[in-house]
1. Hey, if you put +1 on the Cβ of every Lys and Arg and -1 on every Asp and Glu Cβ in the protein assembly as shown, which of B:PRO22, C:LEU95, A:LEU82 ends up farthest toward the positive end of that dipole?
2. Just round it to a whole percent: the fraction of Cα-Cα distances in chain B exceeding 31 Å.
3. State, to one decimal in nm, how far the label point of A:SER91 lies from the label point of A:LEU3, with both points 7 Å from Cα in the Cβ direction.
4. Based only on Cα atoms, what mean projected area does the convex hull of chain C have, in nm²?
5. Taking the Cα centre as origin and putting +1 on Lys and Arg beta-carbons and -1 on Asp and Glu beta-carbons, what dipole magnitude results for the stretch A:16-217, to the nearest 20 debye?
6. Compute the angle between helix A:236-256 and the longest alpha-carbon principal axis of chain A, please, reported from 0 to 90 degrees and rounded to the nearest 10.
7. Could you please tell me the mean projected area of the C-alpha convex hull for chain A, averaged over all directions and given in square nanometres to one decimal?
8. Report the one residue of A:ALA239, A:ILE150, A:GLY164 whose Cα lies farthest in the direction of the positive end of the charge dipole of chain A (charges on C-beta: Lys and Arg +1, Asp and Glu -1; origin at the Cα centre).
Amino acid sequence: MDLFLQQLLNGLSTGSVYTLVALGLTMVFGVLHIPNFAHGAFYMIGAYVTLTVMTILGLHYWVAMIFSVFVIASLAVLSDRLVYHPLRNASPLQHMIAAVGILLFLEALAQVLWGADYRRMETSYDDVVHIFGLTVTEQRLLILIAAVVIMAALHWFLRKTMIGSAIIAMAQNREGAYLVGINANVISVLTFAISGALAAAAATLASPINLIFPAMGNLVIMKAFVIIIIGGMGSIPGAILGGYLLGVAESFGATYISGDYKDMIAFVLLVIILTVKPTGLFPGRVH
Amino acid sequence: MDKVMNIRNGVILTFIITLLLPFIVQSQYVLHVVTMALIWAISVYGYNMNVGYVGSLSLAHVGFFAIGAYTLGLLTVKAGWNFWLAFMAALVLSAAIGFLVGLVSFRTKGHFFAIYTMCVGFIIYLIIDKWDSLTGGVRGLIGIPHPAPIGPLTFDTLTSQYYLVLFFLAVTILVAKRLLHSLLGRTFLAVNNSEELARAIGISTRKNQLLSFVISCFFAGLAGALYASFVRFIGPDIASIVLGFEMLMYLIIGGIGTLAGPLVGTLLMVWLTQSLQFLQDSRMVLFGPVLVLLVIFYPQGIVGGITNHWRKRRKRSDLKHSESKLPKQVPSHRVNARR
Amino acid sequence: MFLKVEQLTKRFGGLTANHNNDLEVHKGHIHAIIGPNGAGKTTFFNLISGFQPPTSGTITFKGTDITGMPPNKIAERGIARTFQTTHLFEKATVLDNVMIGNRLRTQSGFWDAIFRTRRERREEKESLNKAYKVLEFVGLPHLADEPIAGITQEQKKRVAFALALATEPELVLLDEPAAGVNSGETDGLAALIKKMTKRGLTVCLIEHKMAMIMSLADRITVLNQGERIAEGTPKEIQNHPAVIEAYLGGGQPESSRTETV
Ligand SMILES: Nc1ncnc2c1ncn2[C@@H]1O[C@H](COP(=O)(O)OP(=O)(O)OP(=O)(O)O)[C@@H](O)[C@H]1O
Ligand SMILES: [Mg+2]
C-alpha cells in the first residue's frame, strides 16, 4: 500500500512535467494546427538556460527559472515569426520539416554551447520530507505544487482576460475568430510565447531530478505528442488529464512491470489507441 | 532537343565515373565514404518513394533501416544463416513489418500519421536498445560477416563492396524511375496532390499509400542490410530518430519527389559533412537553418529547382517557335517527369 | 430507375443537413438540384458519391444498392463527380491531370511498372488516347501541355469535366459547375453539359444560376434546410409557392449568392 501511494506521488510529479510540456504543444496545435516537433528542443534549451544562469550568474533557482521562461518564450516567438509565419499557407509536410530543422539546429547549438556531457542541476531542495508516512524529496513536492500554480495562472489568463478568451476562440474555430476580428498575428505570437514559457518552466522544475543533455527533449516531446493525442489535439483539459495519467502509468509500469520498458508505455498506449480509433480519443475539436 | 541530349550525356558520364571510381581515387578512405553515401542514398530513395511520391511523412523510416540491419546481423551472427539467405530475409521482413505497420497507420491521416509513425520508430529503437539478450543492447552487435561470394564474385575487398553497393543503388534508381513514370506512379502523385479528388476518380488512396509505404520499407531494409555487412558493427543508434531526420534532410535538399534528388542530396550532404569535419556533431548548427530556409524559400530542392527552371526556359523557346508549328499529334508514348 | 435515393438522412451532430430526402433520376436526363446556401446540396452529393456515409436511407444505382460504398468503388460503378471548388493537380499539365482519370479502368500494378510490361504500355497508350479524346470533347485539346496553374477559371472547369469523363461514367454529379465564370462562359459550359447528355450521359447538377438551370434542366429538385420542398419541371418549379417562399426568405436566388471561388 505504501509502495502504491509512493509510486502514485512520484507518478504525479513526473506527470506534472509532462502536462506542462503537453499544454504548450496542444495550444500551438489547437490555434495554429502545427505539430511543433521543435517543442522538445525548447524544453531542452530551457533547462540549459536555467542551469547556466544559476552557475554563472549565481542566480537563485526561482529567479533563474523566470529568466529562462522569458528567454524560451522569446525563442518560441522567434521561431513563429521567422519560420512558421512565413509558412502559414504551406503544406503540413513543410511545417513538419521546418520544425525538424529547428529541432536539429537547437540540439546542435546546445552541444556547441554546453557540450554533449550529462549535466546535473544542483538543488537546495533535496531534503526528504515525510508526510502521511510517505517519503518524498522536496523537489518532487515543489514540482507538484508549482505545476498546479502555473496551470491555475494559465487558466485565469485564458478564462478571465480578453486576449486569453480570444486564444480559446481561435483554438475552437479559426474562421470564427477571424470573423470576430481577432488579430491572428497577436494570437499566434502569444500562443507561442506561452508554449515556450511552459516548456522552460517544466524543464527547470524537472532538471534537479533528471539529467540535462542535448537530446533530453526528444523523449519528452514524443510523450507530449502521445498525451495530446490521448487528450484530443488542441484540448487543454485533455492535455492535463493525459499528462498526469501517463506519469502515473509510467510510475506503476516501472514498479510492477519493468523499469527498462517504462518509456515504451506511452508509445504502446498510443499505438493501441490510434489502432482502435484512428482519429484520436476525442476527435472533432479540430478537424 | 539538345537539352535532352545534355541530360542523357550527363547521366552516362556520371555512370562512367561511378564505374571507374575505384581506379580514379586511390584513397581507401574516400572510397569508404562514397560507399557509405551510396548506402544512404538507397535508403533516401526508398524514403522518396513514400514521402515524395504519395506524400505521407513517415518518421519510422529509419526504424526499417534498422530492422534490415539487425535482421541480417542477428541471422548471420547468432543463427549462423547463410549470408544471402539472411539478406533476403532482411528485405522480406522489412517489407512485411512495413505492411503490418502501414495497414494500421494509414487509418490515421496527416499529422496523426507522422506522429503515429514517429512512435512506431521509437518503439523499434527501444526494442533494439533494451532487448539486451537478443540485440546486444547498447553494446551493439559485432562480427557481422562481409557478403558471401556469389560464384566467382567475392566481396572481401573495399572495391568489390563498392561495386556491390553500386549495383543495388542502380537497381533502386531503376525502380524509382520506372515507378515514377508508370501508371502506378501517376496514381501515387494523384493521391499526393489531393486525396479527395483521387478518390472521386476511383483511386483507393489507402491501397496506394500502403503500397508505396511497403516499397519504401523494403528499400530501407535493403540499405540497412548493406550497411550492416559493410560496417560489420551495428548499435541502437542506427534506429535513432535523428538519423531519420538526417535522411529526410538529404531528401529535401536534393529535391523531394524528383528522380535525381535523393542521390544529389545525399552525395552533397555527405561531401559537405566530410569537408566540414571540424564541425563534427555540431554541423546541424549550419544544416538545420539551411533546411528551414530551403523549406521556406526553395521547397522543391536542388533538382526540383533546376528542373523547373529548365522547363520554363524550354517553354519560352517553345513559344518563340510555336507560330510555325503544325497542330500537335498524339505522341505514341510520353515520358513525363512532373516535377 | 437509373438513380434512386430513398429517405436519405445525414446528421452532423445536432444539425440535420439532409432529412428523409428522395430523388429519382432518369437515364439521359439533366436533373438539377437547387436551394439556398447551406441547404444541404453538396452534402447530398457527398452521400451519393460515397464521401460521407448517410445516417440512414438507401441509394440505388442501376438496381444495385451502393449505400455506404467507398467513393472509389462508386466511381468504378460509373458515378463521377466534380467539386464545388475545383481542385486539380496544379503543378501538372492538363493532359497529365486528365490522364489519371482512366486509372480505374486499368490494371497495371507494381510489377507492370517495374518491368514495363506490355499491359503497362498498352494501358498507358489507352489512357493517353482517352485523355486526348475527352479533352477534344470539352474543347481543350490545344491546352494539353499547359500546366493547370496557367489556365483560366473556365478552362479549369472544363478540365474538371474532362477528368470526370475520363473515368467513363454513366452519371456525372456536377457541383456548381458555373460558379465563378462570366455569363458568356456560362453559356458555353451549359452547351457542354447538354452535349454530355447527347452522348448518353446522365447529369445531376447543383447550380445557383437560375437562367442556366431553367433552360437546361429536365427536372429540378429544390432543397431547403436539408429538406426537399419541391420537385418538378422548370415550369412547375418557377411557380411553386414553397420555392418562392424559400427563396424570398433569403432574397432573390441569383443576387443572394455571394460567389465564393
Ligand atoms: N462535414 C460537416 N460537418 C458538419 N457540418 C457540415 C459538414 N458539411 C456540411 N455541414 C453543414 O451542413 C449544412 C449543409 O451544407 P452543404 O455544404 O451541403 O450546403 P450547400 O447546399 O451545398 O450550400 P452552398 O450553396 O453554400 O454550397 C451546412 O449548414 C453546413 O455547415
Ligand atoms: Mg455546396
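Please treat every number below as a calculation from the coordinates, not as lab data. This one's a predicted model, so the numbers in the text were calculated from it and none came from an experiment. Positions of Cβ are backbone-derived with ideal geometry, glycine not excepted, and every protein chain shown enters the neighbour counts.
1. C:LEU95
2. Numbers: 20214 of 57291 pairs.
Above the 31 Å cut-off, chain B has 35 percent of its Cα pairs.
3. Once both label points are built, they end up 5.2 nm from each other.
4. Working: hull surface 58.3 nm².
Its Cα hull, projected and averaged over all orientations, spans 14.6 nm².
5. Details: 8 positive and 8 negative charges, 99 e Å.
Roughly 480 debye, rounded to the nearest 20.
6. Approximately 30 degrees, to the nearest ten.
7. Values: hull surface 61.7 nm².
Convex hull of Cα atoms, orientation-averaged projection: 15.4 nm².
8. It is A:GLY164, whose Cα lies furthest towards the positive end.
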